[in-house]
Structures are given as structure tokens and as C-alpha cells.
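Encoded as C-alpha cells, the structure appears first; notes follow it.
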Amino acid sequence: MRQKLRVAAYAICVRDGQILLARSPAPDGTPEWVVPGGGMEHGEDPYDTVRREVEEETGYRIEVTGLLGVDSSCRVFRDGFGRTVDHHAVRLVYEGRVTGGELRYEVNGSTDLAAWQDLDAVPGLPRISLVDTALRLWRDRPVTGRPAGALD
């Protein structure tokens, strides 16, 4: 079995009762909302990753105002060649504040739309689970940096 580790950084940006989200096509073709962010490049600091990814996906420049926590998940799946992959994702979740830029959509990237969504509307949106995890971290601000319900 092949093992794969992916480290990524994401930002929760909330203002005036709205959260900044990006939309990503899902494997089945159904678009899902995601927290802006993504994978680190080799040698890149996660702080720089989150700022780069938010700008790529939304057009906004952000100031990182805090580290909210870390989400870690493991899952086993088959890749496109039928090989079994044990995938471990480590996702750092930051809080960010928009400081410049203009809202725009990513071109030729992993997302196709960026928008401010009402916080109250998020439960009704098609979204990946990291959106809920990141919002829990933002609301609860756990001292341990682990979302409520994380395995001990």
C-alpha cells in the first residue's frame, strides 16, 4: 500500500456575518464549497501558503490574524491506477482578514467561483466537511487547536 502525506493551509475570513468560500468541482461533478486554501509547495512555510492560496482562489490579499487549529484525517482509497493509497491530510486552519485585492474567480485552478456566503446559509450549502470543521475552530477557538469531536 502506498502512503501519501499532504499538508495544506486554509483561511477562515468572516466579515459582516458572511464567510468567504470558494467553489470546487467534486469528483462526481457536483460543485462543493470549500474554505480558500490548499497544499503547501516544497519548502514553503504554511503562513505563506495560506496567503498565496487565498489570493489565487479569491483575488483577495489577507493578513493572517491567528492560527485556529489543525485538522488531521486519514483515509484509504484506490487511485486512478487501482492502487491502494493510505492518504493522510494535515490541514492548518488560520483566521484571516481581507486587506486588499478584489473578489474574482480562479482561472485554470482547483476552484471556479469565490463568494461571500451568509454564515446562517452555510448548513444548506453543498460543501466539504472541512468547512464545518474550520467554522467549529473559528467559533470555539479550542486551546488545544483540535476541533471538538476529534479522536483522542
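The values are calculated or read from the model by the stated rules, or taken from the named source; none is laboratory data. Note that the coordinates shown come from a computational prediction; the quantities given were computed from them, not determined experimentally. Here Cβ is always computed from backbone atoms with ideal geometry, including for glycine, and neighbour counts include all displayed protein chains. These accessible areas exclude ligands, DNA and RNA; they are computed on the full protein's heavy atoms, side chains included. Shrake-Rupley method; radii C 1.70, N 1.55, O 1.52, S 1.80 Å.
Starting from a Cα-only point model with no solvent, please compute log10 I(q)/I(0) by Debye for region 1-121 at q = 0.11, 0.16, 0.17, 0.22 1/Å. Listed by q, the Debye log ratios stand at -0.40, -0.81, -0.90, -1.31.
Relative to a virtual label point 7 Å from the Cα of VAL14 in the Cα→beta-carbon direction, which members of region 99-140 show backbone nitrogen distances below 17 Å? Taking a point 7 Å out along Cα→Cβ of VAL14, the residues of region 99-140 whose backbone N falls under 17 Å are 116-125, 130-140. What residue among VAL14, VAL70, VAL85 has the largest mean-square fluctuation in a Gaussian network model of the chain, using Cα springs under 10 Å? Residue with maximal mean-square fluctuation among VAL14, VAL70, VAL85: VAL85. For trypsin sites (Lys or Arg not before Pro), the sites in region 64-152 that DSSP calls loop and that have at most 16 other Cβ atoms within 10 Å are ARG83, ARG104. Counted residue by residue at 0.36 nm each, then reduced by the alpha carbon distance between them, the extension gain from ARG97 to TYR47 reaches 16.7 nm. Measuring nothing but how far apart in sequence close Cα pairs (under 8 Å, 6+ apart) lie, relative to its length, the chain scores a relative contact order of 32 percent. Of all DSSP bridge pairs formed entirely within the chain, close to 75 percent run antiparallel. You can think of it this way: the chain between ASP132 and CYS74 has 19.1 nm of extra reach, that is 0.36 nm per residue less the Cα-Cα gap.
Overall, the accessible surface of region 1-108 at a probe of 1.4 angstrom is composed of carbon and sulfur to the extent of 47 percent. The slack in the chain from SER110 to THR30, taken as 0.36 nm per residue of separation less the alpha-carbon distance, amounts to 27.4 nm.
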